[in-house]
Amino acid sequence: SGFGHRVHTKDPRTARLFELAREAGVDGVHMKAARAVEKSFADSKKALPINVDGAIGAILADLGLNPAAFNGIFMIARTPGLIAHVIEEQTREKPMRRIDPVKHGYDGPASRSILDEAANTKTQAPKKS
C-alpha cells in the first residue's frame, strides 16, 4: 500500500529517499500527495507513515515513469539485500528455521565502510550444509 511498517513506526529510509529526490529536483504532485496522506493519518492520531515502497512509488511517478515498470524497479532495488541475506543464510545459519518477526537481533558489525569492506574481503564460497 505504500504506508505503514510492521516493525518501524516511521520508515527511516523514506526521509532520505525524499531528501535525495528533492536534491535532484524531484518533488512533484505524487510526493506531495504521499506526505499529505501521511500527515492526515498523523493528525487523526492513527499514524501510518510512508514506507519505502510508497516513497519509491511517489518518486518514480514524479519522474514520469510508466507505473507498469514500478514492480520491476522495486525488485531491482531489493536484489542486493536479498543476495546478502542468501549468502548470510548459507554461511551462518541452520536451514528452514522459524524466525520471530519482532524478537530477532542483528549480530553483524556495528558500523563499517562498504568501500573498506570490499577492499579487504576475499570472495568466499558458501558453506555446504
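The values are calculated or read from the model by the stated rules, or taken from the named source; none is laboratory data. None of these values were measured; they are calculated from a predicted model. Positions of Cβ are generated from backbone atoms using ideal geometry, with glycine treated the same way; all protein chains shown enter the neighbour counts.
A few comments on the model shown:
- Hits in segment 10-37 (condition: β-branched (Val, Ile, Thr) and part of a helix (DSSP H, G or I)): 14, 29, 37
- Meets criteria (closer than 28 Å to residue 114 by Cβ, charged (D, E, K, R) and either at pLDDT 95 or above or touching a Cys at 6+ places or on another chain (Cβ under 6 Å) (or both)) for residue 23: yes
- Exclusive hit being closer than 23 Å to residue 101 by Cβ and either of a type in the set (D, E, K, R) or within 19 Å of the chain's Cα centre (by Cα) (or both), set 10, 39: 10
- Residue that is farthest from the chain's Cα centre (by Cα), among those in segment 42-58 that are assigned to a loop (DSSP other than H, G, I, E, B) and under 8 Å from residue 3 (Cα atoms): 48
- Every pair of residues 6+ apart whose Cβ atoms lie under 6 Å, when the first sits in segment 48-60 and is of a type in the set (Gly, Ala, Ser) while the second is in a helix (DSSP H, G or I) and crowded, with 21+ Cβ neighbours inside 10 Å: 54/34; 55/14; 58/31; 58/34
- Filtering segment 54-70 to residues that are surrounded by 13 or more Cβ atoms within 10 Å (Cβ to Cβ) and either at pLDDT below 90 or not charged (D, E, K, R) (or both) leaves 54, 55, 56, 57, 58, 59, 60, 61, 65, 70.
- Which listed residue, of 42, 36, 47, is touching a Leu at 6+ places or on another chain (Cβ under 9 Å) and surrounded by fewer than 16 Cβ atoms within 10 Å (Cβ to Cβ): 42
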